[in-house]
Amino acid sequence: MPDATTTLGGIGHSVKRKEDPRFLRGLGKYIDDVKLPGMLFMDIVRSPHAHARILSIDSSEALKVPGVVAVVTGKELEAAGLHWMPTLMSDTQMVLPTDRVCYQSQEVACVLAEDRYAAADGAAAVQVEYEALPPILDPIKALEPDAPLVRPDKDKKSNHIWHWEVGDREATQRAFDASDVVVAQDIYIPRIHVASIETCGCVASMDRVSGKLTVWMTTQAPHAIRTVFSLVSKIPEHKIRVISPDIGGGFGGKVPVYPGYVCAVVAALVTGRPVKWIEDRSENLQADSFARDYHIHAELAADNNGKMQGLRIKTIADHGYADAAANPSKFPAGLFSICTGSYDMPNAHVEVDGVYTNKPPGGIAYRCSFRVTEAVHTIERMVDSLALKLNMDPAELRSKNFIHPEQFPYRSALGWEYDSGNYQAALDKAKAMIGYDDLRREQVEKRARGELMGIGISTFTEIVGAGPSHTFDILGIKMFDSAEIRVHPTGSAIVRIGVQTQGQGHETTFAQIVAEELGLPVDNIEVEHGDTDTAPYGLGTYASRSTPTAGAATAMAARKIREKAMHLAAHLLEVSVDDLEWKDYQFQVRGAPERFKTMADLAFAAYTNHPQGMEAGLEAVCYYDPPNLTFPFGAYIAVVDIDRGTGEVKVRRFVAVDDCGTVINPMIVEGQVHGGLTMGLAPALYEQIWYDEAGNIHGGTLMDYLVPTAMETPRWETDRTVTPSPHHPLGAKGVGESATVGAPPAIVNAVVDALSHLEVTHLDIPITPPRLWRLLQEKGVAL
Ligand code: MCN
Ligand code: CUM
């Protein structure tokens, strides 16, 4: 007989996803499925130049295209004061330009038409006269004193945006002076793009009777967007409704506000008709927010035994023409300062400088909780460099430096308080799964035969769950999150949460939390989110924050309900609350377990038989402000074989042991890890966006931006350890990005390991076959 928790589908059960029946049958409701009477379609004219003056925009031919209703340019927006908008990092970004464009594919004008095709024909007919200007593309050259300015509109006459540093510079210098060995490395982490299946878009509609603006949009943070819309447009917040319906992948790319959204809203307000805007694939790849683009110089100091003494990092962050990163306001370089990783690093100092260039605004997106990928890549590569220099096994070097379980809560040299961890246990498990020692023996034999095989390790620490509101905010809005639960008289319930899902399965996992806390079956619990008119205020889904924040809020709200239910139970059973205990998902009389009330009994009583003086109903709200972030971690080991004839890297095996504390749904967590690993393989071996000297984008279509398919993806071998978070009510940590953060250095370390006997100490990503083949040729080992 199944036990109570199996029937409930509570925490720890691989409940099948409630959202899948509609997705698998093609019945999801995405933005493009929103169709309103009288709806106009918008298309965007984009710049062919990376940097140019706009001499004129002639819309007359476009207006002659049958079906075209209007053309909107920056001049029209300027008249309404809407041609610039704030970015999430308090920078400014053009909605539509009035006099110059700053990157290739930048929005120049938008065309509104009766159908999508007329809009596209209209956009092609808009004539724009440009005077090309030399683009500034290299962020290091952009910092030279005589470099032309990307942003002449700014008071500061420089391409330097901000400087940020943390740690103790002098102490770190002393540690370096006193150390036996120092390894130093330049590491470039290139621009990449999330390439979610669904591109971005919106439908904006103004109801002329109620005066209410409704915007269905591909956003990961509907409430924050509504507040910012209200502040910028002066439309009262209750007259704005933002709905984030089913979303076909977010991965960070749907956090920022893009000019297209704003243009569609303005067009709906001006024309009085609903307006739909949906990006095509190349617009999505070429103009939306980018990730990474960090030029890193790192140094790691240690003594001869391999005990790490200090870490020093200097980074130039290429932000494109605007700092439109979606970081918490006080963290211009995100949480890059997690770069001391899983190691007990006594000293560290980190500096980052943000720089403008003629590229699309970038700085966060791609499954990374605010620059953690860059941090993890740096430290995990540096640890391997050190191992090579000391001729020490990289697993052994890691073990020597891990923060020990008894050191938690651990305060890092850069100021974070790690909540919990057990790094050695995860590494031991991964080593056992993959057969580490056997692989090392195999490598020796293969090397003797001239075969190139490598083993790479990454033992990373993530930092997710922004955030404690005393330090974390977005444009002043504190980063808490929320849940609201209402139990209906017949024992089913609705849960509304301030975060939402872009594919993570929240409709299932949040129901599981309530099932566990209240003892109601998961099938009877509906989860609703993404609609600002109904969901409680929350900051949205990114930075793997849903479980750490709204997950905690859901548990706490459920516990408030349980508290009230206990009083109802005492009333019904005619005992004092002190005589009751919550056991086997029921309130039982202590010592007389045959006298009990289930939550369904109590829900009914809450509406039909509640004691005089008690409010009717059974519902609760919680706004949860986490006391700390959560620090999930993992140990990954990759085995690669290199084809000496083609330079192709084949990932033969990949073992991933993750620890995200208490697991709510093991199947969903495994799915998150599988997807995340594939998105870690991608930048390691395939994906990159780069710009040629004229500022033309490369990797701006799926012809040359290589998203891995099932063909390239190895069979992931996953397992886990469980080290609960001591401060989360369920002990859970986030997991949504761990694999993307942890995987790239494991793969790079494996490739470098395969070539280490040829004096190869580092490779930048992506390690593509042509790049690697050239290196094999140089080393005389290509076939
Ligand atoms: N979970 C769990 N037990 C845990 C931790 C998480 O069962 N201890 C479950 C959660 O309940 C949730 C899922 O795993 O269903 C992910 O939870 P969490 O780690 O809290 O992350 P978020 O829900 O906040 O998701 C955001 C994260 C981010 S930031 C990116 S980027 C990313 C990712 O999720 N984007 C995704 N995974 C994605 N998966 C899909 N399918 N689509 C995206 O756009
Ligand atoms: Cu930076 S990708 Mo996720 O945090 O949406």
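What to note about this one:
- 21 Å Cα-Cα threshold exceeded, pairs from K234/K330; K650/K733; K239/K330; K400/K446; K212/K234: K234/K330; K650/K733; K239/K330; K400/K446
- Whole-number accessible area per residue in Å² for segment 685-783, which is evaluated in the context of all protein chains at 1.4 Å: 43 Å²
- Whole-percent P(r), segment 11-150, all Cα pairs, 10 Å bins from 0: 11, 27, 27, 17, 12, 5, 0.
- Secondary structure note: in segment 651-783, about 40% of the DSSP beta bridges are antiparallel.
- Over segment 249-394, accessible surface divided per residue gives 18 Å², non-protein components excluded, 1.4 Å probe.
- For E114, solvent-accessible area (1.4 Å; no DNA, RNA or ligand), Å²: 90 Å²
- Volume in Å³ per residue [convex hull over Cα atoms, computed for the chain]: 181 Å³
- Relative contact order %, segment 37-97, counting alpha carbon pairs below 8 Å whose residues are six or more apart: 19 percent
- Heavy-atom SASA rank of W277, W84, W164 (probe 1.4 Å, accessible area, largest first): W84, W164, W277
- Over the chain: helical MRE at 222 nm, DSSP H runs n ≥ 4 each giving -39500 (n - 2.57), nearest 500: -8500 deg cm²/dmol
- Computed from phi, the 3J(HN,Hα) profile of segment 162-176 under the Karplus parametrisation 6.51, -1.76, 1.60 (θ = phi - 60°) reads 7, 10, 9, 8, 8, x, 9, 4, 5, 4, 5, 4, 4, 5, 5 Hz, with x in place of Gly and Pro.
- As a fraction of the 1.4 Å probe accessible area of segment 481-568, surface on carbon and sulfur atoms comes out at 47 percent.
- Rounded accessible area of E517 (nearest 10 Å², 1.4 Å probe): 10 Å²
- Surface share of carbon and sulfur [accessible, 1.4 angstrom probe, percent] for segment 372-454: 49 percent
- A 1.4 Å probe over all protein chains sorts I463, I278 by accessible area into I278, I463, starting with the largest.
- Radius ratio Rg over Rh of segment 439-494, counting only Cα atoms, Kirkwood formula for Rh: 1.51
- Computed with every protein chain present, the accessible area of H727 is close to 50 Å² [probe 1.4 Å].
- The largest accessible area among T630, T598 belongs to the first residue in T598, T630, and the rest follow in falling order (1.4 Å probe, all chains).
- Rounded accessible area per residue of segment 481-581, 1.4 Å, Å²: 27 Å²
- For Y130, the residues whose amide H sits under 5 Å from its own are L55, ignoring neighbours fewer than 5 places away on the same chain, with H placed 1.01 Å from N.
- Computed from backbone phi, the HN-Hα couplings of segment 100-110 come to 8, 10, 10, 7, 5, 6, 4, 4, 10, 7, 10 Hz, rounded to whole numbers (Karplus: 6.51 cos²θ - 1.76 cosθ + 1.60, θ = phi - 60°; Gly and Pro given as x).
- Amide H contacts under 5 Å for R100, placed H, 5+ residues apart: I54
- Karplus (6.51, -1.76, 1.60) ³J(HN,Hα), θ = phi - 60°, over segment 337-352, in Hz, Gly and Pro reported as x: 6, 7, 5, 7, x, 8, 10, 7, 9, x, 9, 7, 8, 10, 10, 9
- Using a probe radius of 1.4 angstrom, the carbon and sulfur fraction of the accessible surface of segment 659-717 is 62%.
- Cα centroid separation, segment 654-724 to segment 140-219 (Å): 22 Å
The values are calculated or read from the model by the stated rules, or taken from the named source; none is laboratory data. Just so we're clear, the structure is a prediction, and the values are computed from it rather than from any experiment. The accessibility values were calculated without ligands, DNA or RNA, using every heavy atom of the protein model including side chains. Shrake-Rupley method; radii C 1.70, N 1.55, O 1.52, S 1.80 Å.
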